[in-house]
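Here is the structure we will look at.
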Amino acid sequence: MNEYLRFLVTLTAVLDPFLAVPIFVAVSAGMSRAQRARLAAAITVTVAAVLAGAAVFGEGLLRIMGASLPAFQVGGGLVLLLMALSMLNAEVGGVRQSEAEARELERGGVSPVVPLAVPLLAGPGAISSTIIAAQAGGAAHITALIGCVLLVCAVLWLVLSVAPAIGERMGITGLNVATRLFGLLLAAIAIQTMADGLRVLFPGLA
């Protein structure tokens, strides 16, 4: 249960629904309530599908890449740490979204589902966290992880569904405070993930 609870906390911090609130509000400004609801549902389903796929096929992907789990833990932990540092500055960060991608989204050159769901939410950090967590067991473990993914995605859908109200009530400062708190939590998780991988790669460090 501790492992699943840690995964829930990690995934919630990585996705950070509050970070997506101002972006979601901006891209859905001209939409009706029904259109915003459909967009929130499409984003949530996309995120759930990507992360569930990572849980199911992650082990096979590592085999194809020829990467060991400890090496992936170090690499994934580094990605999480970079994301955490951006979140501590209340910024999206280049790991989630480049400046060119942000400008393209602002111009309306792409569907909001693609940059919002992937890579802003279900990006390298969330995918690597899911793959790392999926290596610990068999089918029952994968099923439990997918259940955790669906639970976090339900929270994401709820936040996006009421994003305009959250934006108005919390304001930019409130959203930034929430993002910084998630960033602090994610930094600790990232360092622990890297440490677990380094101990296996370099036993002398233990």
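Among the listed residues ARG180, ARG199, which satisfies the condition of being part of a helix (DSSP H, G or I), farther than 26 Å from ALA37 by Cα and more than 20 Å from the chain's Cα centre (by Cα)?
From the options ARG180, ARG199, the qualifying one is ARG199.
Scan (1) hydroxyl-bearing (Ser, Thr, Tyr); (2) assigned to a loop (DSSP other than H, G, I, E, B); (3) closer than 13 Å to SER129 by Cα for the single condition SER111 breaks and write down its number.
Failing condition for SER111: (3).
If MET31 satisfies every condition in (1) over 30 Å from GLY138 (Cα atoms); (2) crowded, with 20+ Cβ neighbours inside 10 Å; (3) aliphatic (A, V, I, L, M) but one, which is the exception?
Among (1) over 30 Å from GLY138 (Cα atoms); (2) crowded, with 20+ Cβ neighbours inside 10 Å; (3) aliphatic (A, V, I, L, M), the lone unmet condition for MET31 is (2).
More than 21 Å from MET83 (Cα to Cα) and surrounded by 15 or more Cβ atoms within 10 Å (Cβ to Cβ): is that true of ALA54 in this structure?
Judged against the criteria, ALA54 is not a match.
Of all residues in the stretch 124-140 being crowded, with 22+ Cβ neighbours inside 10 Å and under 12 Å from the mean Cα position of the chain (by Cα), which is nearest to LEU81 (Cα to Cα)?
Among them, the one singled out is GLY125.
Does GLY76 satisfy the criteria of being of a type in the set (Gly, Ala, Ser), within 16 Å of the chain's Cα centre (by Cα), within 24 Å of GLY174 (Cα to Cα) and buried (at least 18 other Cβ atoms within 10 Å of the Cβ)?
Spelling it out, it is not the case that GLY76 is of a type in the set (Gly, Ala, Ser), within 16 Å of the chain's Cα centre (by Cα), within 24 Å of GLY174 (Cα to Cα) and buried (at least 18 other Cβ atoms within 10 Å of the Cβ).
Go through the stretch 167-192 and report how many residues are within 27 Å of SER129 (Cα to Cα) and among the β-branched types (Val, Ile, Thr).
Result for the stretch 167-192: 4.
Being within 18 Å of the chain's Cα centre (by Cα), over 28 Å from MET1 (Cα atoms), buried (at least 21 other Cβ atoms within 10 Å of the Cβ) and touching a residue at least 40 places away in the same chain (Cβ under 8 Å) narrows it down to one residue among LEU88, LEU116, LEU186, LEU156; which is it?
Answer to the check: LEU116.
Residue-by-condition table, conditions (1) touching a residue at least 40 places away in the same chain (Cβ under 8 Å); (2) out of contact with any Ser or Thr (no Cβ under 6 Å at 6 or more places or on another chain); (3) not β-branched (Val, Ile, Thr):
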{"residue": "THR10", "(1), (2), (3)": "yes, no, no"}
{"residue": "SER28", "(1), (2), (3)": "yes, yes, yes"}
{"residue": "ARG33", "(1), (2), (3)": "no, yes, yes"}
{"residue": "ALA55", "(1), (2), (3)": "yes, no, yes"}
{"residue": "GLY60", "(1), (2), (3)": "no, yes, yes"}
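Collect the residues in the stretch 97-113 that are polar (S, T, N, Q) and surrounded by 16 or more Cβ atoms within 10 Å (Cβ to Cβ), keeping them in residue-number order.
GLN97
Which one of these is touching a Leu at 6+ places or on another chain (Cβ under 6 Å), closer than 25 Å to LEU5 by Cβ and not aromatic (Phe, Trp, Tyr): VAL56, VAL47, VAL79?
Just one listed residue meets the conditions, VAL47.
Answer yes or no as to whether LEU156 is at pLDDT 95 or above and at negative phi.
yes
The values are calculated or read from the model by the stated rules, or taken from the named source; none is laboratory data. Note that the structure is predicted; figures quoted are calculated from it, not measured. Virtual Cβ from ideal backbone geometry, glycine too; neighbours counted across all protein chains shown.
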